[in-house]
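The values are calculated or read from the model by the stated rules, or taken from the named source; none is laboratory data. None of the values given here were measured: they were computed from a predicted structure. Methodologically, a virtual Cβ is constructed for each residue, glycine included, from the backbone with ideal geometry; neighbour enumeration extends over all protein chains shown.
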Amino acid sequence: RDAQESRGLGDVYKRQKVCYAFYNIQKGVVTMKILVSGGTTFVSKFTAEYFLKRNNEVYVINRNSRAQLDGVHLINCDRMNLKNLLKDKHFDLIIDVTAYNKAHIESLLNSGVTFDDYIFISSSAVYPETNSQPFTEEQTCGKNSVWGDYGVNKLMAENYLLEHCTNAYILRPPYFYGIYENLYREAFPFDCAEKGRKFYIPQNGDMKLQFYNVSDLCKFIELIIKKKPDNHIYNVGNSDIITVKEWVKLCYKAVGKIPEFVEVDKSVQQRDYFCFYDYEYILDVKKQNELMPTTIPLEVGLKEEYEWYKNNYNSVYNRKPYIEFIDKNLK
């Protein structure tokens, strides 16, 4: 089948396929053939493993520069140089975690691959900080001065995908967290708690953040494929908003400690000593909640992440010298 024919499958047929697939989950047989972009770090790695454990046939596309998950099928290439590796291949679902611009989407769609559904993990960075909050899916998107070209490029990727694929879904998350986290975020307060350090916090710690567990992301993807909602753009994330002080307390609690805070005034560049930018925003996730009313409580998810982190210290890349800066400049 050519791509157009594949994307033009009738709704009834597609719903029958989905019902059959979810029935087969209970029967212990392969349900879907899925392509995940990436597959070796954080969100893409967790996603590939999640669907692999649920009896799906999972393919990953990456440059094979890191260890692969057991059980996946590796397509070893750069997504901008796919050659003919995807030509005439068909997938029930593509989960695109690693597209950062229009060219990334364009390369995949023009590779000769066919598919039934496409889910793109975009970003909340597509909302300008000047928009009223909470950000809703109906708001005008554009450049955010905090995220700059990152958000603009994600938005261009979204637009290209929706223009060329009727069976595409866009997910816009806030900050991800969970098992396989490779950025120095939760690991920073975990380290401080383990060392019994005071925690240096921006001002009074009332800056608000919103999080989303990678496990909830995968559960929501399952629901989209099962229910085929009419809406194709979703903000995703926890309904509960948390201050940075509350977040640090939960991170310390996961380690079994209680933090002692030291407030740092605005004269000190926040990113020199803290793991988030001086920017708060809230996503409206009502549409997500209509399909998935509950998400993992942050306290539970952080405890799970810490238990993983204790045995995977070296999985966190690019550790920032926050502690060194604090010891040299703030004590």
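In segment 314-331, which residues are in contact (Cβ under 8 Å) with a residue 12 or more places away in the chain and part of a helix (DSSP H, G or I)?
Those that are in contact (Cβ under 8 Å) with a residue 12 or more places away in the chain and part of a helix (DSSP H, G or I): Ser315, Tyr322, Ile323, Phe325, Ile326, Asn329, Leu330.
For every residue, the table says whether it meets (1) assigned to a loop (DSSP other than H, G, I, E, B); (2) at pLDDT 95 or above.
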residue	(1), (2)
Asn24	no, no
Val36	no, yes
Ala48	no, yes
Val58	no, yes
Gln68	yes, yes
Gly71	yes, yes
Leu93	no, yes
Ala99	yes, yes
Gly112	yes, yes
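Being more than 23 Å from Phe46 (Cα to Cα) and hydrophobic (A, V, I, L, M, F, W, C) is the filter here, so list the residues in segment 284-331 that pass it.
Within segment 284-331, Ile323, Phe325, Ile326, Leu330 qualify.
Pairs please, first residue from segment 292-312 and in contact (Cβ under 8 Å) with a residue 24 or more places away in the chain and within 15 Å of Gly237 (Cα to Cα), second anywhere and of a type in the set (Ser, Thr, Tyr) and in a loop (DSSP other than H, G, I, E, B), Cβ atoms under 7 Å, 6+ apart in sequence or on different chains.
Once the first residue is in contact (Cβ under 8 Å) with a residue 24 or more places away in the chain and within 15 Å of Gly237 (Cα to Cα) and sits in segment 292-312, no partner that is of a type in the set (Ser, Thr, Tyr) and in a loop (DSSP other than H, G, I, E, B) comes close enough.
When you go through (1) touching a residue at least 24 places away in the same chain (Cβ under 8 Å); (2) not in a helix (DSSP H, G or I) one by one for Cys251, which number turns out not to apply?
(2)
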